[in-house]
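Comments concern the structure below.
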Amino acid sequence: MEKIAIYPGSFDPITIGHLDIIKRSAKLFDKVIIVVMSNYRKVNSTTFSVEERTELIKRCTADIPNVEVDSYMGLLAEYAKKKNAAAIVKGLRAVSDFEDEFQQALTNKKLNSELETVFMAANAEHMFLSSSMIKQVCQLGGDVSPFIPAEISVDIIKKLQSIGSSKDD
Ligand code: ADP
């Protein structure tokens, strides 16, 4: 049976840290579904719309054949069941990510006992990288192009500069 993994997140916007997790997951699983969660904690506070985030991810993952991009509003455990997914993939940057991720993993396991959560250690060079950091640095006039996928960097920077983003991750 095809081993499907789901990689959920806000991706507001996608960074090279996210892309690294996506590429590494695509080597481990037959298929990886990246899911932009539209009700995910930060409801109504994202800088990029669900459609924009989905489209940006599609553009920078187009060359990875076993990756799909989707968006979802609802329970991740239900979505995973619907897609016959074996695992949820999460990237871990630091101990600070752990507590919340561990709680989510245990909750998802209760809701769907067939579902495993796989934690992937962030690349050491991406430990500091977050969507909110990119928004803050760009707002203060810094060059964020090294931190975002090249195919989409112009569009991301244009949008962040146009709104003078002050919104949080
Ligand atoms: P969330 O709203 O869950 O924080 P994010 O879009 O910030 O969504 O992150 C989605 C996933 O990617 C999470 O599992 C997060 O830990 C992981 N992640 C975020 N930034 C990085 C990075 N620089 N390196 C590796 N994993 C990351």
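The values are calculated or read from the model by the stated rules, or taken from the named source; none is laboratory data. All of these numbers come straight from a predicted model, not from anything done at the bench. In this analysis, Cβ positions are derived from the backbone assuming ideal geometry, glycine residues included, and neighbour counts consider all displayed protein chains. The area values use the complete protein model at the heavy-atom level, side chains included, leaving out ligands, DNA and RNA. Shrake-Rupley method; radii C 1.70, N 1.55, O 1.52, S 1.80 Å.
What pairs from Lys90/Lys158; Lys81/Lys159; Lys58/Lys81; Lys58/Lys109; Lys23/Lys135 go past 31 Å between their alpha carbons?
Values: Lys90/Lys158 29 Å; Lys81/Lys159 35 Å; Lys58/Lys81 23 Å; Lys58/Lys109 29 Å; Lys23/Lys135 23 Å.
Among Lys90/Lys158; Lys81/Lys159; Lys58/Lys81; Lys58/Lys109; Lys23/Lys135, the Cα-Cα distance tops 31 Å for Lys81/Lys159.
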* Once every DSSP H run of n ≥ 4 in the chain is given -39500 (n - 2.57) and the sum is divided by its residues, what mean residue ellipticity at 222 nm do you get, rounded to the nearest 500 deg cm²/dmol? -> -13000 deg cm²/dmol
* **Label-point separation, Leu140 to Ser71 (7 Å along Cα→Cβ), nm** => 3.0
* Set the Förster distance to 30 Å, then compute FRET efficiency between Ala121 and Lys159 from the Cβ-Cβ distance, nearest 0.05. => 0.50
* **trypsin sites (Lys or Arg not before Pro) lying in DSSP loop within the stretch 1-94, provided at most 12 other Cβ fall within 10 Å** => Arg41
* Asked: Whose amide H sits under 5 Å from the amide H of Glu116, counting only residues 5 or more places off or on another chain, with H placed in the peptide plane?
  -> Ala87, Ile88
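When a/c reaches 1.5 or more, the comparison of a/b and b/c decides; with that in mind, is the stretch 4-125 rounded, prolate or oblate per its Cα gyration tensor?
Rounded, since a/c falls under 1.5.
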* Structure fact -> Connecting every pair of Cα atoms under 10 Å apart in the chain and solving the GNM, the largest mean-square fluctuation among Gly141, Gly91, Gly74 falls on Gly141
* Asked: How much of the accessible area of the stretch 4-125, in percent, comes from carbon and sulfur atoms when a 1.4 Å probe is used?
  -> 53
* Asked: Points 7 angstrom from Cα along the Cβ direction at Ala62 and Glu114: gap in nanometres?
  -> 3.5
* Residues in the stretch 125-162 that a label on Ser45 would reach, taking backbone N under 17 Å of a point 7 Å out along Cα→Cβ -> 130-136
